[in-house]
1. Between B:L27, B:I103, B:Q47, whose Cα lies farthest towards the positive end of the dipole of segment B:2-110 when Lys and Arg beta carbons carry +1 and Asp and Glu beta carbons carry -1, centred on the Cα centre?
2. Taking all protein chains in place and a 1.4 Å probe, what share, in percent, of the accessible surface of segment A:189-297 do carbon and sulfur account for?
3. For A:T322, A:T264, write out the residues from largest to smallest accessible area, computed with a 1.4 angstrom probe and no ligands counted.
4. Binning at 20 Å from 0, report for chain A what percent of all alpha-carbon pair distances ends up in each bin.
5. Can you compute the charge dipole magnitude of segment A:79-356 about its Cα centre, using +1 on each Lys and Arg Cβ and -1 on each Asp and Glu Cβ, nothing else charged? Give it in debye, rounded to the nearest 20.
6. Could you work out the longest stretch of chain B that avoids the trypsin sites (Lys or Arg not before Pro) located in DSSP loops with at most 15 other Cβ atoms within 10 Å?
7. Using a 1.4 Å probe over the heavy atoms of the protein chains, calculate the carbon and sulfur portion of the accessible area of segment A:132-181 as a whole percent.
8. Sort out the exposed loop trypsin sites (Lys or Arg not before Pro) in chain A (DSSP loop, at most 13 other Cβ within 10 Å) and tell me the longest stretch that has none.
Amino acid sequence: MVADLIESIAKIVFVFSMNVGFFAPVLGWVERKQSALMQDRIGANRADILGFTAIGLFHSLADALKVLAKEDFIPAGANKFFHTVAPFICLVPAISTFAVVPFGGRYELFGHQVNLVIADLDVGILFVFALASLATYGVVLAGWSSRSNWSLLGGLRASAQMLSYEVAMGLTIIGVIMVFGSLRLTEIGALQENFFHWGIFLQPLGFVLFFTCAIAENKRVPFDIPEAESELVAGYFTEYSGLKFVMFWMAEFLEIVTISGIVTTLFFGAWHLPFVTDQMLLSWLQFAGANGAAFLAMLVNVATFFAKVIFFIWLQMSIRWTLPRFRYDQIMRLCWKMLLPLALVNILITGLVVLVL
Amino acid sequence: MNEYISVLIMLFLAAATAAGMIVATSLIGPKIEFADKMEPFECGESQIVSSKRRFSVKFYLVALFFVIFDIEAVFVYPWAVLFKDLGWFGFVEMMIFIAILTIGLIYVWRRGALEWE
């Protein structure tokens with residue numbers, strides 16, 4: 001019982017500090033630095049502590065301090081309550097969705113079963129969708145409560161876009177569930193021990209559709225029409241300043257991390273190294289003793305998982321700075337006339353292939 | 001330990017972080033109010049049109065489609081989990097269901113409800 005408690009607390013502290021303490025601030029820096037790299041600029045490099053610039057990493061710290069000293073602005077006509085609650089609704093699901101994403105397998109440490117996921121829910125994927133849809137409320141409320149034309153337009157566009165892509169995303173994932181026969185993310189991860197059973201080989205179309213929908217759901221370029229800065233100033237968060245602005249920004253980055261984690265879990269073998277089964281890994285590490293081997297295997301798997309996550313973060317950032325923004329009619333056409341029918345076709349093909357083979 | 005307790009702890013932590021940020025930003029920082037500043041942002045101009053106006057019915061339509069198609073998607077989830085146990089019978093049944101869904105989609109499409117001009 002005490003061991004369980006310690007395990008749970010350790011996992012929660014790890015995930016929370018990894019996401020809020022590491023990924024959120026560092027991704028702010030990565031986005032600036034990568035865009036600079038891709039556009040042949042230098043990027044953030046001025047903030048320094050005693051002459052050390054750490055290739056611009058201190059900019060995240062400097063920005064945090066600066067933004068803390070900013071005024072919390074609420075326009076006169078705004079609905080004060082909803083204006084304040086909107087960033088809250090955006091950020092809470094973004095932080096807590098990662099609770100069901102497994103970042104490692106099961107290990108036997110000192111006679112205690114360690115399962116590297118905060119909450120091993122039997123409805124894992126549904127939990128992710130449930131929380132991800134809550135973010136829509138935050139965005140729509142932010143746009144509506146500001147009483148600004150830019151915000152209202154941004155909120156409207158966001159509501160229609162996020163609802164549409166949620167339908168397509170819900171249907172694309174069904175192929176994966178059919179193949180693995182489970183909604184539990186740890187089980188889906190464990191079934192991908194064999195390299196050729198990775199989701200990407202079983203569901204190639206599903207991966208492309210899901211990744212597209214996920215980027216659109218997160219309102220990133222090329223689907224960033226709700227916050228299109230060249231036409232809507234900043235879209236639904238035009239009237240936000242200070243830490244409330246940062247909360248939308250953090251929610252976006254944490255959703256990038258969560259999307260990468262889910263793509264890794266569903267399609268890219270979760271915590272498994274390619275061509276290495278759990279047994280092989282344990283036998284290679286036997287020199288450290290039974291507990292030591294389990295511990296080292298755990299470290300290797302967690303590192304593998306986060307390496308894959310970082311790859312997909314990089315991929316999303318590259319897409320962000322490569323593609324131009326789609327028009328609104330193009331976005332809606334892509335969703336309803338291409339992704340949705342393709343998702344249905346994917347279910348049909350998956351069903352036929354699984355049953356015939 | 002019940003898995004949902006961990007979820008609750010995570011939700012509580014997230015809520016505490018978010019609430020802490022809101023409280024911090026409303027306590028720290030200057031508070032200067034005057035009429036011109038409190039207007040909604042309109043690129044430096046006074047607001048010309050109120051934002052309390054009507055908007056295109058298209059957005060409502062999308063919300064309606066969402067309810068219809070998402071509920072149908074929810075029906076497919078339990079089937080997908082049990083798909084291998086149900087075999088051909090379940091597959092054919094679900095394909096009939098999805099065919100009906102597709103007819104709905106084709107109808108919506110043909111009526112031009114998915115066009116944005």
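The values are calculated or read from the model by the stated rules, or taken from the named source; none is laboratory data. As the structure is a computational prediction, the values presented were derived from the model and not from experiment. A quick note on method: Cβ atoms are made from the backbone with ideal geometry, for glycine too, and the neighbour counts reach across all protein chains shown. For the accessible areas, the whole protein counts, side chains as well, though only heavy atoms, and no ligand, DNA or RNA atoms are used. Shrake-Rupley method; radii C 1.70, N 1.55, O 1.52, S 1.80 Å.
1. Of the options given, the answer is B:Q47.
2. Values: 2610 of 3630 Å².
About 72 percent, which is the carbon plus sulfur part of the accessible surface.
3. Working: A:T322 90, A:T264 0 Å².
Result, largest first: A:T322, A:T264.
4. The calculated distribution, bin by bin, is 27, 56, 17, 0.
5. Details: 14 positive and 16 negative charges, 110 e Å.
In total the dipole reaches around 520 debye.
6. Numbers: sites that count: B:K31, B:K37, B:K52, B:R53, B:R54, B:R111.
Counting at most 15 other Cβ atoms within 10 Å as exposed, the longest clean stretch of chain B is B:55-110.
7. Numbers: 720 of 970 Å².
That share works out to 74 percent.
8. On the way: sites that count: A:R41, A:R46, A:R327.
That gives A:47-326 as the longest site-free run.
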